[in-house]
Amino acid sequence: MSALLEVRDLHVEFRTRDGVAKAVNGVSYGVGAGETLAVLGESGSGKSVTAQAIMGILDSPPGHVTGGQVLFQGRDLLTLSKEERRRVRGAKMAMIFQDALSSLNPVHTVGAQLGEMFQVHEGMSRKDARVKAVELMDRVRIPAAKERVNDYPHQFSGGMRQRIMIAMALALEPDLIIADEPTTALDVTVQAQVMDLLAELQREFTMGLILITHDLGVVADVADKIAVMYAGRIVETAPVHELYKRPAHPYTRGLLDSIPRLDRKGQELYAIKGLPPNLMAIPPGCPFHPRCPRAQDVCVTDRPPLFPVTENDGTELPGRAGACHFWKDELNAS
Ligand code: SF4
Ligand code: MG
């Protein structure tokens, strides 16, 4: 798949009074047109910060990109001026956040907010923009869009508000959407509906989609591939179904084992012991070693690079990599 976005060896630091937090430490990933990449990890793993750096909305200062490239349609966004970045962000990339209520303006109707996209970016008249707003609301299946276009954000349910956020993101038909925990605030049934809608629209518009989540359960059906992050690094990448069947990293397995499953009803849910590391003091060696059930002496001293993951006989497994000294053992444990 042709790369729409290619992040290469990205580093981001936050310089605070208490020290330097190394939030992103050499992340590389890519997504093609029409492809969905899920980025998975606990909070503080660097998944949102990476997205903010891609979008050019990093809270800066204290955040600084200290290295790497963000190639979007072949251009390194990190070398563009603020103005050029704003243009790319408006027309070609959009982001959806977890909390629609704080992203929408409470004192304007949703119709006015959706319409504004077309007025500002495409110079449409107010009237035409309103027609487009209704069309978009229909697109994201908000019932009775024609009447509801004049309602305010608080008059919609959480799920409907998230649909409005999706509509806003889609308005200018971007090439890439980054959705950061888009369904986390919703209940489970609504989560699935919103996720299905996002996946459907993504296919229809052949956009690239980066789906950031801490919940492996929500991405299984919609993602093509997954990158698992820990302490600002990617620790495993794989096509989605392979990752579920045969993880190559103990952290991934821990995440998988902590998903509630019907066939294990009644059994106690597994939880990875301990907490993610303080980003101002990331452990030496493998950053996961204090929490890893498989850790050996080497893990405390030697940082594992992202190894290509292969079958036992050396057969390549395209798209697979794991940052674990014992990835083979983990792979074969399934
Ligand atoms: Fe665990 Fe060692 Fe692998 Fe890190 S390198 S995940 S500590 S086994
Ligand atoms: Mg986050």
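The values are calculated or read from the model by the stated rules, or taken from the named source; none is laboratory data. Predicted model only: the values in this text are computed from it and were never measured. When we count neighbours, we look across all protein chains shown, and the Cβ atoms used for this are built from the backbone with ideal geometry, even at glycine.
Taking the criterion of being more than 16 Å from ligand 2 (Cβ to nearest atom), acidic (Asp, Glu) and modelled with pLDDT of 90 or more, would at least one residue in segment 177-193 satisfy it?
no
Pick from Pro277, Pro239: which is modelled with pLDDT of 90 or more, within 16 Å of ligand 1 (Cβ to nearest atom) and not assigned by TED's automatic domain parsing to the domain that holds Leu37?
Working: Pro239 fails: within 16 Å of ligand 1 (Cβ to nearest atom).
Answer to the selection: Pro277.
Being without any contact (Cβ under 8 Å) to a residue 60 or more places away in the chain, among the hydrophobic types (A, V, I, L, M, F, W, C) and more than 16 Å from ligand 1 (Cβ to nearest atom), is that true of even one residue in segment 89-104? It would help to see each step written out before you state the result.
Here is the first cut: in segment 89-104, the ones without any contact (Cβ under 8 Å) to a residue 60 or more places away in the chain are 89, 102.
Filter once more, so that each one left must be among the hydrophobic types (A, V, I, L, M, F, W, C): none.
So far as segment 89-104 goes, no, none of its residues is without any contact (Cβ under 8 Å) to a residue 60 or more places away in the chain, among the hydrophobic types (A, V, I, L, M, F, W, C) and more than 16 Å from ligand 1 (Cβ to nearest atom).
Name the single residue, out of those in segment 16-58 being in contact (Cβ under 8 Å) with a residue 24 or more places away in the chain and farther than 28 Å from Pro239 by Cα, that is surrounded by the fewest Cβ atoms within 10 Å (Cβ to Cβ).
From segment 16-58, those in contact (Cβ under 8 Å) with a residue 24 or more places away in the chain are 16, 18-51, 53-58; that's our starting set.
Then drop every residue that is not farther than 28 Å from Pro239 by Cα, which leaves 16, 18-21, 57-58.
Values: Thr16: 11, Asp18: 7, Gly19: 12, Val20: 14, Ala21: 20, Ile57: 13, Leu58: 20.
This residue is Asp18.
Using beta carbons and a limit of 6 Å, which pairs, at least six apart or on different chains, have the first residue in segment 259-281 and under 22 Å from Arg17 (Cβ atoms) and the second one basic (Lys, Arg) and at pLDDT 70 or above?
From segment 259-281, the pairs are Leu279/Lys22.
Can you pull out the helices (runs of 4 or more DSSP H) entirely within segment 1-118 that have at least 3 residues that are modelled with pLDDT of 95 or more and either among the aromatic types (Phe, Trp, Tyr) or in the same structural domain as Gln162 (by TED's automatic domain parsing) (or both)? Show your work before the answer.
Working: elements: 47-55, 82-91, 100-103.
Per the criteria, 47-55.
Please give the helices (runs of 4 or more DSSP H) falling wholly within segment 226-334 in which 3 or more residues are farther than 30 Å from Gly63 by Cβ and within 16 Å of ligand 2 (Cβ to nearest atom). I'd like the intermediate steps shown before the answer.
On the way: elements: 240-245, 250-257, 297-301, 327-332.
Those helices (runs of 4 or more DSSP H) do not exist here; none qualify.
Considering each residue of segment 116-145, count those that are more than 21 Å from Leu197 (Cα to Cα), surrounded by fewer than 20 Cβ atoms within 10 Å (Cβ to Cβ) and either among the small types (Gly, Ala, Ser) or over 26 Å from the mean Cα position of the chain (by Cα) (or both), and give that number.
Looking only at that region, the number is 11.
Say we look at segment 208-225 and pick out the residues that are more than 15 Å from ligand 2 (Cβ to nearest atom) and of a type outside the set (A, V, I, L, M); which of these is nearest to Ala3 (Cα to Cα)?
In this case the residue turns out to be Gly208.
Taking the options Glu311, Glu268, name whichever one is outside the structural domain of Asp180 (by TED's automatic domain parsing), more than 12 Å from ligand 1 (Cβ to nearest atom), modelled with pLDDT of 95 or more and not hydrophobic (A, V, I, L, M, F, W, C).
Details: Glu268 fails: modelled with pLDDT of 95 or more.
Exactly one of Glu311, Glu268 is outside the structural domain of Asp180 (by TED's automatic domain parsing), more than 12 Å from ligand 1 (Cβ to nearest atom), modelled with pLDDT of 95 or more and not hydrophobic (A, V, I, L, M, F, W, C), namely Glu311.
Do you know which residues across segment 307-316 are touching a Leu at 6+ places or on another chain (Cβ under 9 Å) and surrounded by fewer than 22 Cβ atoms within 10 Å (Cβ to Cβ)? Walk me through it before giving the result.
Taking segment 307-316 first, the residues touching a Leu at 6+ places or on another chain (Cβ under 9 Å) are 308-312.
If the condition is that a residue be touching a Leu at 6+ places or on another chain (Cβ under 9 Å) and surrounded by fewer than 22 Cβ atoms within 10 Å (Cβ to Cβ), then Pro308, Thr310, Glu311, Asn312 are the ones that fit.
Are there any helices (runs of 4 or more DSSP H) wholly within segment 123-211 with 2 or more residues that are on the phi > 0 side of the Ramachandran plot, and if so which?
none
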